[in-house]
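To start, the structure itself, in structure tokens.
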Amino acid sequence: MTPRPALQERRAHHRLSTTIEVRYGAAGEFRRAQACDISPAGIGLAVAVPYEVGTEIDLRFQAHARGDLVLLKTRVRHSAGNRMGLEIVNVSAEQYPQLLSWLRELEAEHATATR
């Protein structure tokens with residue numbers, strides 16, 4: 001039997017570290033959490049109340065200092081302790097370019113910080 005690759009190696013997109021505050025929830029009940037990492041395909045959260053794997057939840061956060069609100073539909077792919085890994089399953093056509101722009105800015109900040 002072939003061993004499974006590590007989680008990081010299976011990801012289609014590189015995740016960037018972040019510390020933005022987000023709101024997450026289902027059925028209109030939102031809680032605060034802190035994002036740990038993000039990519040165009042997913043986001044990792046540190047949460048007080050985790051959801052079960054497979055649960056679809058809404059996520060909202062401000063991507064830029066200027067206040068662009070990003071709304072995402074996500075699915076819990078990993079949940080252990082106070083951490084959840086979310087797969088982005090739907091983002092509006094208007095917001096996807098905003099999300100990518102913010103991720104490029106975040107990546108540039110990381111590159112500058114590591115020089």
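The values are calculated or read from the model by the stated rules, or taken from the named source; none is laboratory data. This one's a predicted model, so the numbers in the text were calculated from it and none came from an experiment. Virtual Cβ from ideal backbone geometry, glycine too; neighbours counted across all protein chains shown.
Some points to look at:
- One residue from Ala111, Ala35, Ala48 being without any contact (Cβ under 8 Å) to a residue 24 or more places away in the chain and among the aliphatic types (A, V, I, L, M): Ala111
- Subset of the stretch 19-67 [modelled with pLDDT under 85, surrounded by fewer than 14 Cβ atoms within 10 Å (Cβ to Cβ) and at negative phi]: Thr19, His64, Ala65, Arg66
- Residue ranges of strands (runs of 3 or more DSSP E) in the stretch 14-112 with at least 3 members out of contact with any Cys (no Cβ under 7 Å at 6 or more places or on another chain): 21-26, 29-38, 56-62, 69-80, 83-91
- Meets criteria (of a type in the set (A, V, I, L, M) and either within 21 Å of Ala48 (Cβ to Cβ) or touching a helix residue (DSSP H, G or I) at 6+ places or on another chain (Cβ under 7 Å) (or both)) for Leu86: yes
- Within the stretch 51-62, the set of residues being within 20 Å of Ala93 (Cβ to Cβ) and either in contact (Cβ under 8 Å) with a residue 40 or more places away in the chain or in contact with a Gly (Cβ under 8 Å, 6 or more places away or on another chain) (or both) comprises Asp58, Phe61, Gln62.
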